[in-house]
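Working notes, structure below.
Please treat every number below as a calculation from the coordinates, not as lab data. Predicted, not measured: the structure shown is a model, and the values here were computed from it. Cβ placement follows ideal geometry from the backbone for every residue including glycine, while neighbour counts extend to all protein chains displayed.
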Amino acid sequence: MNQIEREYKNALDEVRFSEAAKERMMNNLMNQKEQEQTPARRRGFRPLRTGLIAACLCLVLVGTAFAATAVYRLTVQTGEEEAWGNEYVRYDVYGEPAIHPLEDFSQELQDDFAAWNHPSLLFHQKFDSWEKVTDYLGDKIPAVWHSIDSIDADKYPPEYYVEGYHEMYGDNKLQFVTVRDNGVILISRLSSPESPFQLSFHTEMRIYTPDYCGESLIGEGWWKDSGEFQVLDSYTMANGCVAEVVMGTRTYEDMEGEAQYYIGTFMKDGILYQADMFVPVTCTLDQAELVEQLHQILDSYQ
């Protein structure tokens, strides 16, 4: 093992991954080294199978010095599935998150989760400031948030919801903790006589624990005849993270036309973030303008 490989392994040890994830990334590095030392061979195309897409983690090297900051790359899979006799379209995001056991969270959160008396409901708490959220999560959770204020913040102050997804029946193991907000209004043209609309988005953050057992990290499905998902280009954010962008188009029975969702998902310090921008049927902005709006949202995260 040379110096670069040792520094790579030491950097991984400083971030909380599962042992399997560390071993897989080290194997990828060794395989890449072997491939560089052998002549290139032409490879045949190998189709992807739904639910088995691999995600990668890229570590940045600046000049000859090793950079310990990890740039997490996610992979998006779109497709169709059948469940309970119904057909759905969906997207799923895959990657290798940092793993935080319950002990990494604040003692207050641990005590609240232990005292939760509703096994059939999700554990949840509500806060009125981001500072209170970070205090509640604890110092070992490197959480960040966006810096955009809603245009109706005076009338509807921001709210944050911390929730713990757990096995509702059985041993009640915590699988991941989420933080959500009550939404941010970016543009309000409700007074427009021709096409009144509001453009808004909300954020969801996910912190995964050793007991998480899902295949994908996050995703969504719709009835097959009601909409579709399309993967757009990746976007490098101002903070150096790379966001994967998905556009969803959906019809509703009580509306004429299609509503859209522009969804940017990225990972920072091993924690997953998703900005979901809702575009109503009456919105007059075109796709280029909407993508630019989402980019501005993504650039606002610390």
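Once the C-beta distance of Asn182 and Glu82 is scaled by a Förster radius of 25 Å, the resulting FRET efficiency is 0.15 to the nearest 0.05.
Figure the gain on full extension for Asp111 and Glu258 (residue separation times 0.36 nm, minus the Cα-Cα span) and round it to one decimal in nm. List each step's numbers first, then the result.
Numbers: separation 147, 0.36 × 147 = 52.92 nm, distance 4.52 nm.
My answer for the length gained is 48.4 nm.
Rounded to the nearest 0.05, the FRET efficiency derived from the C-beta distance between Gln175 and Ser234 at R0 = 30 Å is 0.65. Spin-label model, Lys126 to Asp139: label points 7 Å out along the Cα-to-beta-carbon direction sit 3.1 nm apart. I'd like the FRET efficiency for Lys224 and Ala288, computed as 1/(1 + (r/R0)^6) with the beta carbon distance as r and R0 of 25 Å, rounded to 0.05. Using R0 = 25 Å, I get an efficiency of 0.35. Packing, as the average of other Cβ atoms within 10 Å across residues, places the peptides 84-92, 195-203 in the order 195-203, 84-92, highest first. Annotation for Ala153 and Asp211: the two label points, set 7 Å from Cα along the Cα-Cβ direction, are 3.7 nm apart.
Quick check: net charge around Arg250, other residues with Cβ under 10 Å of its Cβ, Lys/Arg +1 and Asp/Glu -1?
Values: positive: none; negative: Glu228, Glu258.
Around Arg250, the surrounding residues sum to -2.
At 4 °C and 1.567 mPa s, what whole-number value in µm²/s does Stokes-Einstein give for the translational diffusion of segment 129-272, with Rh from the Kirkwood sum over Cα pairs? Could the numbers behind the result be given before it?
On the way: Rh = 17.9 Å.
Taking Rh from Cα pairs, D becomes 72 µm²/s.
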